[in-house]
Amino acid sequence: MHIREMMAEAEKTGNPSFSFEYFPPKTAQGVQNLYDRMERMHHFGPKFIDITWGAGGRIAELTCEMVVQAQTYLGLETCMHLTCTDMGEEKVDDALRKAYKAGCTNILALRGDPPREHEKWEATEGGFRYARDLVSHIRTKYHDHFDIGVAGYPEGCDDNKDEELLLEHLKEKVDMGATFIVTQMFYDVENFLRWVDKVRAKGIHIPILPGIMPIATYASFIRRANHMNCKIPDDWLAALEPVKNDDVAVREIGKTLVADMCRKILAHGIPHLHFYTMNLAQATRMVLEELDWMPSAHRPLKQPLPWKQSLGLG
Ligand code: FAD
């Protein structure tokens, strides 16, 4: 099912939904553990999951392999991230073919970060320059088979802080055929809501899926926010800093802060939350519990895994 259809359904029914992002682990054991966790977390009720694209040979292969496994064997509606970094057209087409054959119908089309050893991003010879070129390529080759998402940056991106210019470039991606936007993580919800209004004023009306990063430990919270140049509101720091060495307290306070932020987003008419799980269940589960979104008698899980259903186990 296309993500835009899921979003239309959430809007029509007034039932908000959520999704989970995972990334390819470094070891074979890590991959197996993640499959088990993905299956367990499916019982939380996500509408879909997505797998990030690891630039470079082996990890790129692993993204494809995990998409096939999740979509085909685990029966999870899966969105594949795909970047143009280090990717000529042939490699892009190979990844798209694998996703298509697996029955995957959603791609998040990205330019990608520069490889670690390079400071600045450079186009690969015979490859694509911007995410918009990748969007256009996928549309031309696969018409409407794939729903295509693109990245949005409420607080600017690494190589561009100019909000107006970024909005221009976002509009170009939409004009090339993108049908949903997933945002970079943020904690400054007022700024996010202001940005959403600017996106709409720009004539962009496709669904916006806000990227939510739950808080697992104080150190990881600060590290990720700094890495993404993401503003931390003063009251968040004031609440978390005094308990920074107590992981349990950080998670308890963190879940309240993040859930409050989610409620403000939902109240603004955005019906879907996209969780950056970092391949872990606990912090995301705590936010869902705080929102009263975990399956329960009054919110029954409606999505048995298809392969379990076919065996009468769903
Ligand atoms: P683009 O939209 O192409 O923008 C890149 C830069 O080029 C920007 O500065 C933009 O302003 C500029 N630009 C765009 N169009 C033009 C134009 N016509 N003329 C001049 N300048 C232009 N990275 C990964 O490696 N793997 C992942 O799986 C991954 N997942 C992500 C998921 C999300 C939700 C987000 C927000 C980011 C993700 N990233 C991922 C990181 C992303 O690849 C980087 O942020 C990258 O630097 C920019 O990608 P983009 O798709 O936004 O690029």
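Structural remarks
- Qualifying positions in the stretch 259-295 - touching a residue at least 60 places away in the same chain (Cβ under 8 Å) and in a helix (DSSP H, G or I): 261, 264, 265, 266, 282, 283, 284, 285, 286, 287, 288
- For first residues located in the stretch 157-184 and free of Cβ contacts under 8 Å to residues at least 24 places away in the same chain and closer than 29 Å to residue 143 by Cβ, partners that are part of a loop (DSSP other than H, G, I, E, B) and within 10 Å of the ligand (Cβ to nearest atom) and lie 6+ apart or on another chain with Cβ distances below 6 Å form the pairs 166/153.
- Residue in the stretch 205-217 that is part of a helix (DSSP H, G or I) and out of contact with any Cys (no Cβ under 9 Å at 6 or more places or on another chain) present: no
- Out of 127, 177, 203, sole residue that is touching an Asp or Glu at 6+ places or on another chain (Cβ under 8 Å) and either more than 14 Å from the ligand (Cβ to nearest atom) or farther than 22 Å from residue 20 by Cα (or both): 127
- Output for the stretch 184-204, where each listed residue is of a type in the set (Gly, Ala, Ser) and assigned to a helix (DSSP H, G or I): 201
Let's see how each residue does on (1) within 15 Å of the ligand (Cβ to nearest atom); (2) of a type in the set (A, V, I, L, M, F, W, C):
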{"position": "11", "(1), (2)": "no, no"}
{"position": "19", "(1), (2)": "yes, no"}
{"position": "23", "(1), (2)": "yes, yes"}
{"position": "29", "(1), (2)": "no, no"}
{"position": "36", "(1), (2)": "no, no"}
{"position": "41", "(1), (2)": "no, yes"}
{"position": "47", "(1), (2)": "no, no"}
{"position": "50", "(1), (2)": "yes, no"}
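For (1) crowded, with 16+ Cβ neighbours inside 10 Å; (2) at pLDDT 90 or above, each residue gets a yes or a no:
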site: 32; (1), (2): no, yes
site: 41; (1), (2): yes, yes
site: 62; (1), (2): yes, yes
site: 76; (1), (2): yes, yes
site: 90; (1), (2): no, yes
site: 107; (1), (2): yes, yes
site: 120; (1), (2): no, no
site: 123; (1), (2): no, no
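- For residue 74, the conditions (1) touching a His at 6+ places or on another chain (Cβ under 8 Å); (2) closer than 22 Å to residue 183 by Cα are fulfilled apart from (2).
- Matching option when the condition is charged (D, E, K, R) and either within 11 Å of the ligand (Cβ to nearest atom) or at pLDDT below 95 (or both), among 147, 234, 188, 158: 158
- Hey, residue 110 within 18 Å of the chain's Cα centre (by Cα), over 24 Å from residue 158 (Cα atoms) and within 16 Å of the ligand (Cβ to nearest atom) or not: no
- So residue 135, is it within 11 Å of the ligand (Cβ to nearest atom), touching a residue at least 40 places away in the same chain (Cβ under 8 Å), closer than 21 Å to residue 20 by Cα and in contact with a helix residue (DSSP H, G or I) (Cβ under 8 Å, 6 or more places away or on another chain): no
The values are calculated or read from the model by the stated rules, or taken from the named source; none is laboratory data. Note that the structure is predicted; figures quoted are calculated from it, not measured. Note that we place each Cβ from the backbone using ideal geometry, even for glycine, and neighbour counts take in every protein chain shown.
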